[in-house]
Amino acid sequence: MNLTKHGNPRAKATLTGALLALGLAGAAQAIAQCGANPCAAKKSGAMQEQHDDPCAAKDPCAWKNPCATKKPCATKNPCATKNPCAEKNPCAMKNPCATKNPCAVKRPADYTPSYAESGDNPQELITQGRTLFQDTSLSGNGMSCASCHGVEQDEAYQATFERPFPHPVAMGKNLYGMNEVHADEMVQICMLNPMAAQPFAWESNQLSALSAYVVEVQKRFAGQSYDL
C-alpha cells in the first residue's frame, strides 16, 4: 500500500522525519570524521606555524649569510686591493741584489784585513800592490787597474776619492747599494766590473797588497803625504 500516493499527511510526516534523521546521521558522521582529521582541526595552528617558521619568511641563509652581502674575501681581502708583498717586499721594487750581489764585494763578518787602511803599511806590500795595479793578467778583458787610473798620474777618480777610506763610491752605490766602501771592497768591485774577473779571496796577499797601494794613492790624490 503506497501511502504517499493517497496523500496521507501522517505518512508524509513519518517519511520526512525518517529522511531527516538519515541526513542528520550522515552529517554527524562526516563531522566526526572531519573532527578526527588533524589537518582539519589544526589548520589554523598549521597556518600559525607557517608564519612562525624562521625559514619561511626570514631565511637566515638568504640575507644573513656573511658571504652573501659582506663577503670578507671580496672587500676585506688584504691581497685583493693592497698586496703587502707587492709594495713592501724589499726584493720587489728596490732589490739591491737585482743588479749585483753585494755579498761578493762586501767584507765578510768574520774578516780581518791584513793591511792598515789608515796607512803605515810595509813597503814591500805597497810595492807588490803597485805591480799588481799594472798587471793585465788579473782581468778577463786585458785591462789592468792602471788602464783607467794610470800609475804616476791619478786619473778617473771621483771627488769623493779625496776622503779617507771608507768613503762613498758611485759604482759601489749604483751596483751594490753600498753607501761607503773600504779600500779592499773597492778593489773587489773593480775586479768584478771594469776588469771582468773574479774577486780575490779575502785572505789573499794580492788583495792586501792592492788595498795597501790604493790607500797610498788616495793620500796622494788628496794632497797628503804618501809612500809610493
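Data overview
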quantity: Sole exception among (1) touching a helix residue (DSSP H, G or I) at 6+ places or on another chain (Cβ under 9 Å); (2) more than 17 Å from ASN101 (Cβ to Cβ) for SER204, by number; calculated: (1)
quantity: Residue among GLU155, GLU117 that is among the acidic types (Asp, Glu) and farther than 18 Å from SER204 by Cα; calculated: GLU155
quantity: Residue match in segment 85-99 (condition: farther than 17 Å from ILE189 by Cα, at pLDDT 50 or above and not in a helix (DSSP H, G or I)); calculated: no
quantity: Residues of segment 150-195 satisfying the condition of being touching a Ser or Thr at 6+ places or on another chain (Cβ under 6 Å) and surrounded by fewer than 18 Cβ atoms within 10 Å (Cβ to Cβ); calculated: PRO168
quantity: Extreme residue, surrounded by the fewest Cβ atoms within 10 Å (Cβ to Cβ), among residues of segment 105-122 that are over 43 Å from the mean Cα position of the chain (by Cα), within 11 Å of GLU216 (Cα to Cα) and not small (Gly, Ala, Ser); calculated: ASP120
quantity: Selection count, segment 123-149, where residues are exposed (fewer than 11 other Cβ atoms within 10 Å of the Cβ), part of a loop (DSSP other than H, G, I, E, B) and in contact (Cβ under 8 Å) with a residue 24 or more places away in the chain; calculated: 1
quantity: Unique residue being in contact (Cβ under 8 Å) with a residue 24 or more places away in the chain and part of a loop (DSSP other than H, G, I, E, B) when the list is GLU203, GLU216; calculated: GLU203
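The values are calculated or read from the model by the stated rules, or taken from the named source; none is laboratory data. Just so it is clear, the model here is predicted, and its values are computed rather than measured. Cβ: placed from backbone, ideal geometry, glycine included. Neighbour counts: every protein chain shown.
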